[in-house]
1. Only one residue in TYR135, TYR98 is open to solvent by 20 Å² or more (accessible area, probe 1.4 Å) and modelled with pLDDT under 90. Which one?
2. So, in the range 138-166, how many residues would count as being surrounded by 14 or more Cβ atoms within 10 Å (Cβ to Cβ) and closer than 19 Å to GLY62 by Cα?
3. Filtering the range 62-75 down to residues that are in a loop (DSSP other than H, G, I, E, B) and surrounded by fewer than 19 Cβ atoms within 10 Å (Cβ to Cβ), which residue is nearest to the chain's Cα centre (by Cα)?
4. Inside the range 87-132, counting only strands (runs of 3 or more DSSP E) that do not spill past its ends, which hold 2 or more residues that are without any contact (Cβ under 8 Å) to a residue 40 or more places away in the chain?
5. Which numbered condition in (1) under 20 Å from LYS103 (Cβ atoms); (2) at pLDDT 80 or above is the only one that ILE49 fails?
6. Return yes or no: is ASP134 farther than 24 Å from LYS93 by Cα and acidic (Asp, Glu)?
7. Could you grab me the full set of residues in the range 17-41 that are within 17 Å of LYS100 (Cβ to Cβ) and in contact with a Pro (Cβ under 8 Å, 6 or more places away or on another chain)?
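The values are calculated or read from the model by the stated rules, or taken from the named source; none is laboratory data. Being a predicted model, the structure only gives us computed values, none of them experimental. Positions of Cβ are backbone-derived with ideal geometry, glycine not excepted, and every protein chain shown enters the neighbour counts. Areas reflect the complete protein model, heavy atoms only, side chains present, ligands, DNA and RNA absent. Shrake-Rupley method; radii C 1.70, N 1.55, O 1.52, S 1.80 Å.
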Amino acid sequence: SPAIRERSTAGNEMTEPLTAALYFYLAGAWVDVSSDVQAASGISASWGIRSNKSTDLMADTGRMSFTLDNQTGKYSPGHGSALTGWKKGVKVKLVTTYKKIDKVRWYGTVDEISIDAGAVGNRKVRVTALDWMDYANNYPLNNPAVGIDQKANQAVSTIVAAMPIQPLNTSYSTGTNTFPTVFNQATNK
C-alpha cells in the first residue's frame, strides 16, 4: 500500500511508516485495490470541519481523489474484464496502519469516474469519492418536529435519521448545553 509519510518517535532514531490502503466494496466484500493506486498521484483526501472560524459550525463534504492503473480495463464499467460491481456509487474506505494498528480513516462512495480513452497503452482512471456529508448537503430537511430541551447530539441524531441514506457509522459527544428548542426555525437546508 502507498506510504503516506513516516513519523519519528521522540528520542528514538527509529521511524514507523504510516501506510494507507484503499478498499472498494464489490460483490459483497471489501476488496483491497491499493496496488492499483498510481504512486505519483497518491491519495488526496479532506474531510470534517476545515477551519476554526466561529462561523464554521458544520463539517464540509469530505472528498477523496486518486488515480488507478487501468491497463487491463478492470476499472472501466461495462468492460469485459471490469471488476464485478465496479461503478459510480461503489463504497470506498481508506484504512491507515501505524505501529501495526489499522484504523478506518474515511468512508465514502464513488462520485466521478474519468477514464482515459483508447484500448491500449498506459490507461488510467481518475476517481473522486464523497463522504456521507454530501447527502446532508443535498437533501432537504422536511419539516422536522420541534424538539424541546435537547442537547446537540439529540438534534444531530434527528437530522441523520431523516436522511434517505444513513452513514456507515456514527459517534456523537453528548454536549454540555441544553437548547430550549431545536428546529423551531428550520428551513429546507
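1. Of the residues listed, the single one that is open to solvent by 20 Å² or more (accessible area, probe 1.4 Å) and modelled with pLDDT under 90 is TYR135.
2. Looking only at that region, the number is 5.
3. Going through the qualifying residues, I end up with LYS74.
4. In the range 87-132, the matching strands (runs of 3 or more DSSP E) lie at 101-115.
5. Single failed check for ILE49: (2).
6. no
7. THR19, ALA20, SER34
Conditions (1) out of contact with any helix residue (DSSP H, G or I) (no Cβ under 9 Å at 6 or more places or on another chain); (2) open to solvent by less than 40 Å² (accessible area, probe 1.4 Å); (3) over 26 Å from ALA39 (Cα atoms), marked per residue:
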| site | (1), (2), (3) |
| --- | --- |
| PRO77 | yes, no, no |
| THR84 | yes, no, no |
| TRP106 | yes, yes, no |
| THR109 | no, yes, no |
| ILE113 | yes, no, no |
| ALA117 | yes, no, no |
| LYS124 | yes, no, no |
